[in-house]
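The values are calculated or read from the model by the stated rules, or taken from the named source; none is laboratory data. Remember, predicted model here, so these are calculated numbers, not experimental data. FYI the Cβ positions are ideal-geometry reconstructions off the backbone, even for glycines, and counts take in every protein chain you see. The area values use the complete protein model at the heavy-atom level, side chains included, leaving out ligands, DNA and RNA. Shrake-Rupley method; radii C 1.70, N 1.55, O 1.52, S 1.80 Å.
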Amino acid sequence: MKTFTQQFGTSQKIIALAILGVFGSAQAADDMAQYTKPDSSITVGATAVSGDDKDRAISGLYNGMRDHNGYLNLDVDYLRRNDATGTWTSVKGRNLGLDNRDLGVAMQKQGDWKVTGDYSELHRRDMRSINTADTGVGSATPTIVRLATPGTGSDVNLELKRIGLGLGVEKWFSPSFMVEASFKNEDKDGARFWGRGYDCAGYVCSQGALPATSVKNAILMMAEPVNFNTKQFELKLNFNDEKLNLSAGYYGSFFTNGQSNLTATVPNILNNGLGNAATLYGAVPGTVIAGGGTSLQNVLQLPMALPPDNQAHQFSIAGNYAFTPTTKGTFKYAFTRATQDQDFGAMGLANAPAGRSNLGGQVDNTLFQFGLTAKPIAKLSLLANVRYEKKDDQTPDAAYNLESRTATPIAVPQYTNDPQNGVASATWDNNHVSNTKFAAKFEASYLLPQNVRATLGVDHNTVERMVPKVVAASANEEQLAGLGPLREKTEETGYRLELRRAIAETLTGAIGYSQSKRTGSDWSSLSTLDPIQLNAVIADPLATAAQKTTARANLLLVNAYCGGRSCYGQQLSEGAILGLSRTTLFPKEMTNLDREKWKLSANWTPLEKLSLQFSVEQGKDKNGALTDAVQGGRGYRGTDVAFYNIDADYAVNDNWKVNGYYSYGEQGQQINHSVYMLDLTNKNSAFGLGLLGKVSGKLELGANLTYLNDVSNYGLSAQDNAVVPATANNLAQAAIGLPDVTFRQTTLSLFGKYALDKSADIRVSLVHQRSMLKEWSWANNGVPFTYADNTTVSLKEQQNVTYLGAAYIYKFQ
Amino acid sequence: MKQWKKFIAVFAASIGMGLLSATPALAAADPKPAASAKDIVLQGDAQCTRCHDEADGPQLLAIGKTKHGTNADNRTPSCTSCHGESASHKDFKGSGKPPKPAITFGKTTANQASERSGACLTCHQKDATRSHWAGSTHETKDVACSSCHTVHAAKDKARDKRTQTEVCFTCHKEQRAQVNRPSHHPIMEGKVACSDCHNPHGSVAPKLMKRNSTNETCYQCHMEKRGPFVHNHEPVGEDCSNCHNPHGTTAEFLLKARVPFLCHQCHTPHGGFIPQLVGSQTPAILAGQAVSGLGKGTTNVTQGRACMNCHTQVHGSNNPANTNPTPQFMLR
């Protein structure tokens, strides 16, 4: 076959030489240029799109073709090389007729200098439409207006627009030293979905003299105004010689926000629990909390902080060193200082602690990495790598939380700093957490017969983080809530084995197994049980008998597990934590974990024209923390994943090729709440079929069909145990459960390209897409989820859209 | 610290040496033999192109359209720079199939990945973005440069945002299925490429993230999440991927699971209720709901933005206010 080809080639060359004799060398050079000189092209065309913007909500999320029915298509690809000097000039424009356009310009003299510039736009059009009577949506001062009837307001579609401009320069000063610098500016404007809500706490707002139908809690749709600017500047000095590559650099990144807070105007009448207009709860009086509380209307009108300006400076040095031809080291050191010091007053955010006009936030991050690879003998490869990263949050502490004391001792605010009981007001600090991460790995691989490589790897990871420690009476350390205990240190050690055959005529592949176990230190208790406060309740003549009974029971727990001292911040074992509360939840990112995973992949070429790819993965993570015998474990319980895939490529002949794939993935997560257990299963099937061929020397055709079916099943069951039997209502509600969430999408793409002549093609393409997203976040059974002002959110469940495009392609060199 | 000082000293000395010898790079490069009259594309390619010409393999000549084909740059290779001298292949006189060149890069290659990549790294290891190739996941998994890059083509799919995913998905099948989910980065739209976040040539971060960590990579485009804030949400600062799957999800905001179920993996719930939806509540529960509002439970924590209906500032709040309710719980 090969010999024949070569002979054919030779004969063709003879013919070519004969032709040369007729047309001369200039023509020959032109002919050869088509194979060896850079190509350029300009594509001009138009695309027509069916339906309206609701039919295109899913496909038009980013593609720049949601709002209108017709678009200009313009692509430019200009590439020119000056063969005498080796200087390249390129202009690359993509989607220039759309609002997700890219334009890049570059000039370079290879090995000497390079200059680049690029411009990019991206519009993100939120898939969902908001129906509301609110005004100023997307501004920093929206006004909430209650709609009389849901669905009768105006539709608002939120949009974000990014415009980026980049510049880059490279210069080689010698074969061993070069400098590169880049700058990128990006503006991001528009609005994105947000929200606001509050449920009156007893020390903030209350019914008072209002009727029982008045509103205790309300959630509102808000759109976050986005007026961001980011700037990134990077400079690298790169040196290399035969053994050493060294790069020193600076990377600065700067964020500024044109908006500082969102303050809404909220009416005093919104929906109550029955969906009827009613007055919002008023502020609790000074007899409940010192100074009085805040009405629900005013809570909802308090400023919401928008992201503050911040900046980071990073200095780094990195590279590698060849100790010997087969022993190499890699290294990196980086120091980053991130700061945030935007003035609170200028942000319109009042009531900062005395003496603090800004956070004075400073986070120093130090990274060190060192790796070594070696081949002590030809068949044996060794690898060792360590990575150390320390995040040191040096933000100063200040008393950001100054809660008034309740006038009624029993009804303390939702959160107080217990050790300061008896002080005029409860205070505690801002929250900031430093952490240290360390990762090490060792790997040895040996080349066995038949080109099979056996690899054994060991990985070790630790994370150490600041957690609340025992709070001294004078300390203001921020207290945390809504969590189980926290863990100061987690450690994970695992091993992996793999057999891989990367080189073979027909069958290559790999099989691997990995297992790891995460454990850690004792747990930092966040229980607020405090003997001082409990004894105060027991001694309080105003406390009820039930309150005193509970306090006495809790006092026993404090004595049994916390040494008779305040439990908050104490380092306790899992058993003690569960002893304090048998329903305690150990957070997913800190809890003990047992992980296991299998992986198998194969590439098989049974025929010269046919190649197949197979892969199978199965894995499991299991929460290994101690559980209460009756209540079971709470929170995250485990995950299991499986993934199967087959790909096939078949060359029908020299002109036609077919390819296809099918993949199926399944992921389960088990989560246990106080009264329910969720068994979430996500099943994802993906299928693709492609055809590409040449009908003749001038006509090329292609077709692609893709199908995706993604189904999330929410298996709910009511918690039932000897301590807290499931209620009839909960059992009934669990039986109703939650419907599946399904996303299904089928896309058929067809194209044809016809060569008009050597320098021009016509391309026609047709894309038909059918998408179905059935989910219940915003409506269920035809009943919309309504905000307190009757704002609703919707998305057309079934969307069909067709794109028909034609383009003229002019090619030149 | 000593290591750091040593690096500085070596680097400063290196810069000094580099600047002292600063002359145009091309002039400093080793001169190559003058192009033979029979060469077609690369200098010295005649020994190969006498057989592998435009009739035999026009696609091979496409290397002339690329940076490798810039003959004015004396650093550019000849065929044998990558394929080896291949004497047995060149000098084959028989009638059968000639032996393969010393180094080949196709699917049926007999060369180890290190040999194949070595052919490229001879020149390309000088690039700072490849400083951590040795020991990287791809290197140790026998992925060679040619596994992803096509040298004999005018356009290398791996280097074009619109086609790069085709290359990556050759191995990363699970991500191929994920990028088409309704919540996704504009990857298939050609606006974000795998290499915007990952450095396939090796990095110091997990998962070959482009910058020093996952978060630092995300902050390139989502810098407003960096803070630091008055009230921080620690898992956010620790690793964005604690909650997000950047390759695509059915849950909104690229969340790994739908809220509230995501939040309930770490947080204690507000009370004893079964997640429920408007239009699907049992009559008894409906009747028992407070007329004053649904509060923190039932549909308010299940629908809309669920927990985030009230806890809107999940990435952190810079609100210093001490007015009840204080912003500590990410309410404002």
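Give the carbon-plus-sulfur fraction of the accessible surface of the protein assembly as shown in %, rounded to a whole number; probe 1.4 Å, heavy atoms of protein chains only.
For the protein assembly as shown, the apolar C and S fraction of the accessible surface comes to 60 percent.
Altogether, the Stokes-Einstein calculation at 25 °C and 0.890 mPa s, with the Kirkwood radius of chain B over Cα pairs as Rh, returns a diffusion coefficient of 97 µm²/s. Computed as a quarter of the hull surface, the mean projected area of the alpha carbon convex hull for region B:87-245 stands at 12.5 nm².
Rank these by accessible area, largest first, 1.4 Å probe: A:VAL204, B:VAL167. Please list the in-between numbers first.
On the way: A:VAL204 0, B:VAL167 25 Å².
Reading off the accessible areas and sorting them downward yields B:VAL167, A:VAL204.
Taking chain B as the reference, fit the longest principal axis to its C-alpha atoms, fit the long axis of helix B:2-20 to the helix C-alpha atoms, and give the angle between the two in degrees, 0 to 90, nearest 10. With both axes taken from Cα atoms, the answer is about 40 degrees. For the modelled label position 7 Å from the Cα of A:LEU804 along Cα-to-Cβ, which residues of region A:31-58 have backbone nitrogen atoms closer than 16 Å? What the label zone holds, given the 16 Å backbone N cut-off, is A:46-52.
Percent of Cα pairs in region A:295-373 per distance bin of 10 Å, from zero to the largest separation: 15, 27, 20, 15, 12, 8, 3, 0. Taking only Cα atoms, what is the 0 to 90° angle, nearest 10, from helix B:113-124's long axis to the longest principal axis of chain B? Its long axis makes an angle of about 80 degrees. Within the straight-line cut-off of under 18 Å between alpha carbons, the aspartates and glutamates reachable from A:LYS609 are A:GLU505, A:ASP647, A:ASP649, A:ASP654, sequence neighbours fewer than 8 places apart in one chain being disregarded. Does anything in region B:83-127 have its amide N under 14 Å from the 7 Å Cα→Cβ label point of A:GLU608, and if so which residues? Once the point is set 7 Å along Cα→Cβ of A:GLU608, B:97-98, B:108 turn out to lie under 14 Å by backbone N, inside region B:83-127.
Along each principal axis, taking the top coordinate minus the bottom one, the Cα set of region A:568-692 gives 73, 24, 24 Å in descending order. Calculated [222 nm] ellipticity per residue, helices only, for chain A: -3500 deg cm²/dmol; basis is -39500 (n - 2.57) per DSSP H run with n ≥ 4, divided by all residues, nearest 500.
For the cross-link pairs A:LYS469/A:LYS489; A:LYS328/A:LYS517; B:LYS107/B:LYS207; B:LYS67/B:LYS100; A:LYS109/B:LYS38; A:LYS657/A:LYS753, which exceed 19 Å when the distance is taken from alpha carbon to alpha carbon? It would help to have the intermediate numbers written out before the result.
Numbers: A:LYS469/A:LYS489 13 Å; A:LYS328/A:LYS517 31 Å; B:LYS107/B:LYS207 26 Å; B:LYS67/B:LYS100 26 Å; A:LYS109/B:LYS38 26 Å; A:LYS657/A:LYS753 16 Å.
Where the Cα-Cα span goes over 19 Å, the pairs concerned are A:LYS328/A:LYS517; B:LYS107/B:LYS207; B:LYS67/B:LYS100; A:LYS109/B:LYS38.
Peptide A:724-735 is shielded by partner chain Cβ atoms: per residue, an average of 4 of them sit within 10 Å of its Cβ.
A 1.4 Å probe, protein heavy atoms only, puts the accessible area of A:GLU464 near 80 Å².
Show A:THR366, A:THR395 ordered by accessible area, largest first, where the area counts protein heavy atoms only and the probe is 1.4 Å.
On the way: A:THR366 40, A:THR395 10 Å².
The ordering from most to least exposed comes out as A:THR366, A:THR395.
The fraction of all Cα pairs in region B:257-332 landing in successive 10 Å bins from 0 to the largest distance is 18, 44, 29, 9, 1, given as whole percents.
Go ahead and run the numbers for FRET between A:ALA346 and A:ALA133, Cβ-Cβ distance against an R0 of 35 Å, rounding to 0.05.
Working: r = 32 Å, r/R0 = 0.92.
E between A:ALA346 and A:ALA133, to the nearest 0.05, is 0.60.
Here is the link list: B:LYS157/B:LYS191; A:LYS332/A:LYS599; A:LYS683/B:LYS210; A:LYS92/A:LYS694; A:LYS236/A:LYS332; A:LYS811/B:LYS90. Which ones come out longer than 25 Å on Cα distance?
Listed pairs above 25 Å: A:LYS332/A:LYS599; A:LYS683/B:LYS210; A:LYS92/A:LYS694; A:LYS811/B:LYS90.
Ignoring ligands, DNA and RNA, how much accessible area is buried between chains A and B, both sides summed, with a 1.4 Å probe, to the nearest 100 Å²? Don't skip to the answer; put the middle values down first.
Values: alone 42830 and 22240 Å², together 49280 Å².
Interface between A and B: roughly 15800 Å².
Return a whole-number percent for the relative contact order of chain A, with Cα pairs under 8 Å and 6 or more residues apart as the contact set.
Numbers: 2113 pairs, mean separation 74.6, N = 813.
RCO, chain A: 9 percent.
Using alpha carbons only, the radius of gyration of region A:103-261 set against its Kirkwood radius gives Rg/Rh = 1.26. Ordered from highest to lowest accessible area with the whole protein assembly present and a 1.4 Å probe, A:THR141, B:THR302, A:THR627 read as A:THR141, A:THR627, B:THR302.
Before I look further, what does region B:257-332 give for accessible area per residue, probe 1.4 Å, in whole square angstrom?
26 Å²
Think of a 1.4 Å ball rolled over the protein heavy atoms: chain A then has 43 Å² of accessible area per residue. The mean number of partner chain beta-carbon atoms within 10 angstrom of a residue's beta-carbon across peptide B:137-148 is 3.
Note on A:LYS758/A:THR89: beta-carbon distance plugged into 1/(1 + (r/R0)^6) with R0 of 22 Å gives a FRET efficiency of 0.45.
Rounded, prolate or oblate: pick one for region B:169-272, where a ≥ b ≥ c are the square roots of the eigenvalues of its C-alpha gyration tensor, a/c under 1.5 means rounded, and failing that, prolate if a/b is larger than b/c, else oblate.
Working: a/c = 2.10, a/b = 1.32, b/c = 1.59.
Oblate shape, in that a/c is at least 1.5 and b/c is the bigger or equal ratio.
Applying 1/(1 + (r/R0)^6) with R0 = 30 Å to the Cβ-Cβ distance of A:LEU731 and A:THR544, what FRET efficiency is obtained, to the nearest 0.05? According to the calculation, E is roughly 0.45. Expressed per residue, the C-alpha convex hull volume of chain A stands at 222 Å³.
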